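K.L.:
Questions regarding the structure given below will be posed in turn.
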Amino acid sequence: MAGEIVELERRGAIALLTLNDPARLNAMTEAMGRGLTAAVAELRGSDSLRAVVLSGAGRAFSAGGDLKMLARMGETGRSESGEARRESREANRAAMSRFYRLFLCIRELPQPCIAALNGHAIGAGCCVALACDLRIAAREAKLGLNFTRLGIHPGMGATWMLPRLIGPARAAELLYTGRLISGAEAERMGLVSRALPRDEVLESALALAEEIAACAPLAVRGVKRSLAASEQSSLDEQLDAEAREQSLCYESADLAEGLRAIREKRAPSFSGR
């Protein structure tokens, strides 16, 4: 809905989510996290939805965490001692863990999600982009995990997601230094799929979403489940997972339609059944 801190727009089988706090460069506030959680909860139950695009309003995707929140928690942490400090530390740990999950809910979407990085994606904002299945960035956008340059350990899954995307050595370099990279360099690293002129990013992401939406939705959702499982699975476990997913597809009308379309030399029309 227009005017919300996270706007949700349906375009047929595609949903466009927009982080909508441009005055603060779409800072990762608790209010925004709750807005994203609500939007994801609404989309998760939609059988007609086949792909999601996540973008940011204004000139940034998200310039990072809420600095006022970090300052407030830091002041609390420094002001206590002894048992009070231990209690404060535990309260801060629990608060940050809850905060991360407000944004990482994007990983719970059963449909593929594409981050359209129209502008800077820094710190926690970059983490949200990493949590999406695919990323397309503006060439001139700055991306990075600048936590150590602020004096804080990376959070929101940065140390788990980044090595899996670009390898442990490159991830370590970016996380240790907090260095920012351009969208073009992010493409060379494999952090984003494509780096484009800024005004082409959203349309390219939507076009990719349409391409995904044209495929069999049951199979696509199965691929997302299998890719998620592969992060922890052995080859034998992954083979079992693939066989299980294929056995579900054998029961679907979509497989019959796909095979029929090949024989008739036409594009398939999948129903998601």
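The values are calculated or read from the model by the stated rules, or taken from the named source; none is laboratory data. The structure displayed is predicted, hence computed values, not measured ones. No Cβ is skipped: glycine too gets one built from the backbone with ideal geometry, and neighbour counts run over all protein chains shown. To get the accessible areas, we keep the full protein, side chains included, count just its heavy atoms, and leave off ligands, DNA and RNA. Shrake-Rupley method; radii C 1.70, N 1.55, O 1.52, S 1.80 Å.
K.L.:
Can you name the residue in region 71-118 that is of a type in the set (D, E) and at pLDDT 80 or above and, of all such residues, is surrounded by the most Cβ atoms within 10 Å (Cβ to Cβ)?
P.N.:
Only one residue tops the list, namely E108.
K.L.:
If you don't mind, another one. Given R98, R89, which one is out of contact with any helix residue (DSSP H, G or I) (no Cβ under 7 Å at 6 or more places or on another chain) and free of Cβ contacts under 8 Å to residues at least 24 places away in the same chain? So that I can check it myself, show each step before the final result.
P.N.:
Working: R89 fails: out of contact with any helix residue (DSSP H, G or I) (no Cβ under 7 Å at 6 or more places or on another chain).
Exactly one of R98, R89 is out of contact with any helix residue (DSSP H, G or I) (no Cβ under 7 Å at 6 or more places or on another chain) and free of Cβ contacts under 8 Å to residues at least 24 places away in the same chain, namely R98.
K.L.:
I've got another one for you. Do we find that L208 is open to solvent by less than 30 Å² (accessible area, probe 1.4 Å) and more than 24 Å from L102 (Cα to Cα) in this structure?
P.N.:
Details: open to solvent by less than 30 Å² (accessible area, probe 1.4 Å): yes; more than 24 Å from L102 (Cα to Cα): yes.
Yes: the conditions hold for L208.
K.L.:
Now a separate question. Identify, please: which residue in region 141-152 is closer than 19 Å to G190 by Cβ and over 16 Å from the mean Cα position of the chain (by Cα) and is, among those, surrounded by the fewest Cβ atoms within 10 Å (Cβ to Cβ)?
P.N.:
Per the criteria, the residue is K142.
K.L.:
Pairs please, first residue from region 54-79 and of a type in the set (S, T, Y), second anywhere and open to solvent by 40 Å² or more (accessible area, probe 1.4 Å), Cβ atoms under 7 Å, 6+ apart in sequence or on different chains.
P.N.:
Short answer, once both residue conditions are applied: S55/L202; S62/L25.
K.L.:
Being crowded, with 16+ Cβ neighbours inside 10 Å and within 21 Å of A141 (Cβ to Cβ) is the filter here, so list the residues in region 1-23 that pass it. Break it down stepwise before answering.
P.N.:
First pass over region 1-23, keeping only residues crowded, with 16+ Cβ neighbours inside 10 Å: 5-8, 13-21.
Listed by number, the residues that qualify are V6, E7, L16, L17, T18, L19, N20, D21.
K.L.:
Select from region 24-48 the residues that are of a type in the set (A, V, I, L, M) and open to solvent by 20 Å² or more (accessible area, probe 1.4 Å) and write down the one among them that is farthest from C105 (Cα to Cα).
P.N.:
Per the stated criteria, the residue is L25.
K.L.:
In the set A57, A51, which member is touching an Asp or Glu at 6+ places or on another chain (Cβ under 9 Å), within 29 Å of R225 (Cβ to Cβ), open to solvent by less than 40 Å² (accessible area, probe 1.4 Å) and of a type in the set (A, V, I, L, M)? Lay out the reasoning, then the answer.
P.N.:
On the way: A57 fails: within 29 Å of R225 (Cβ to Cβ).
None of the other options fit; the residue is A51.
K.L.:
Taking the residues in region 211-236 that are open to solvent by 100 Å² or more (accessible area, probe 1.4 Å) and of a type in the set (D, E, K, R) as candidates, determine which candidate is nearest to E108 (Cα to Cα). Outline the logic, then answer.
P.N.:
Of all residues in region 211-236, those open to solvent by 100 Å² or more (accessible area, probe 1.4 Å) come to 211, 225, 227, 232, 235-236.
Remaining after also requiring of a type in the set (D, E, K, R): 211, 225, 236.
Details: E211: 21, R225: 10, D236: 25 Å.
Residue satisfying both the conditions and the ranking: R225.
K.L.:
Could we say that E210 is without any contact (Cβ under 8 Å) to a residue 12 or more places away in the chain, closer than 23 Å to T18 by Cβ and either out of contact with any Pro (no Cβ under 8 Å at 6 or more places or on another chain) or not acidic (D, E) (or both) here?
P.N.:
Numbers: without any contact (Cβ under 8 Å) to a residue 12 or more places away in the chain: no; closer than 23 Å to T18 by Cβ: yes; either out of contact with any Pro (no Cβ under 8 Å at 6 or more places or on another chain) or not acidic (D, E) (or both): yes.
No, not satisfied.
K.L.:
Would you confirm whether any residue within region 119-139 is at negative phi and surrounded by fewer than 17 Cβ atoms within 10 Å (Cβ to Cβ)?
P.N.:
Keep residues of region 119-139 that are at negative phi, which gives 119-122, 124-139.
After this cut, where a residue has to be surrounded by fewer than 17 Cβ atoms within 10 Å (Cβ to Cβ) as well, the list is none.
Among the residues of region 119-139, not one is at negative phi and surrounded by fewer than 17 Cβ atoms within 10 Å (Cβ to Cβ), which makes the answer no.
K.L.:
Under 9 Å by Cβ, and 6 or more places apart or on different chains, what pairs join a residue from region 156-182 that is among the acidic types (D, E) with one that is modelled with pLDDT of 95 or more?
P.N.:
Every condition considered, the pairs that remain are E173/R179.
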